[in-house]
Structures are given as structure tokens and as C-alpha cells.
Amino acid sequence: MGNAIKISGAVSMDDEGNPTAIGDLGQQMKNCYADLDKILKHYGCTFDDVVVENVFTTNMALFLENAAYRNSIYTKQFPTGSWLGVKELAVPEFLIEIELEVHKME
């Protein structure tokens, strides 16, 4: 929609849709960001263009232990957004899901 891009929740799965890094929230988070990076690049964007990031996790304590990894993702500024603890995600093995809203700079 114009310069606005909404990216639905990324989860840690392979090309066949199977969960990966089962039981390892830190690695699942890295896998989510790697997939999001590919999508951003497809649209000519970087994480610097992200204006909203919403994180859904089934284990907030583990997410908080791994949240510092985001410092390597957002090197200029952090986007707005929410961190939400949820009972479950679409597949029981998913521990984290990350969605983005992006404003592509011209």
C-alpha cells in the first residue's frame, strides 16, 4: 500500500512448513529475523525502515533473556510495538512470532 508494507508474523519453519529449532527460543528468534530480512530486502528495505514490531511469545521470560539480540537487528533505533505473552501459537513447537510494519523511505 504505497510506501507502507505489512509483514505477517514470521515463525521458525523450513520451506516445507515444518517447525525448526524446536525448544530453542533464541534460535527461533534468529530464524524469524533472518526470514524477515529476506522479505525486507525483497522490497528494497532494511530493519531501519521498520516502524512497528510486534512480538508474540509463549515464554516471555525466555524471550526477555534473548531480547538483547535485537540490538544487532535495530542498529539505528528501535521501532514502536508490543511484546505479548500468549498461551499458544499456530503450531505447538512455535515459541515466538514476529510481525512488522514498514515504511519504505524514498
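The values are calculated or read from the model by the stated rules, or taken from the named source; none is laboratory data. Note that the structure is predicted; figures quoted are calculated from it, not measured. Cβ atoms come from the backbone with ideal geometry, glycine included; neighbour counts cover every protein chain shown. Ligands, DNA and RNA are stripped out before the accessible areas are found, and what is left, the full protein with its side chains, is counted by its heavy atoms. Shrake-Rupley method; radii C 1.70, N 1.55, O 1.52, S 1.80 Å.
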In Å³ per residue, the alpha-carbon convex hull of the range 1-56 encloses 94
On the formula 1/(1 + (r/R0)^6), with r taken between the Cβ atoms of residue 90 and residue 46 and R0 of 22 Å, the FRET efficiency rounded to 0.05 is 0.20
Relative contact order as a percentage, the range 54-106, C-alpha pairs under 8 Å and 6+ apart, gives 57
With Cα springs under 10 Å, the Gaussian network model of the chain assigns the largest mean-square fluctuation among 36, 25, 84 to 84
In whole Å, largest first, the alpha carbons of the range 55-101 cover along the principal axes 34, 24, 14
Length-normalised contact order of the chain, Cα under 8 Å, at least 6 apart, in percent, tallies to 45
Karplus-derived 3J(HN,Hα) from phi for the range 31-40 (6.51 cos²θ - 1.76 cosθ + 1.60, θ = phi - 60°), whole Hz, x at Gly and Pro, runs 5, 4, 5, 5, 5, 4, 4, 4, 5, 4
Once amide hydrogens are built 1.01 Å from N within the peptide plane, the residues lying 5 or more places from residue 83 or on another chain with amide H under 5 Å from its amide H are 55
Given a 1.4 Å probe, the accessible area of the chain per residue, as a whole number of Å², is 58
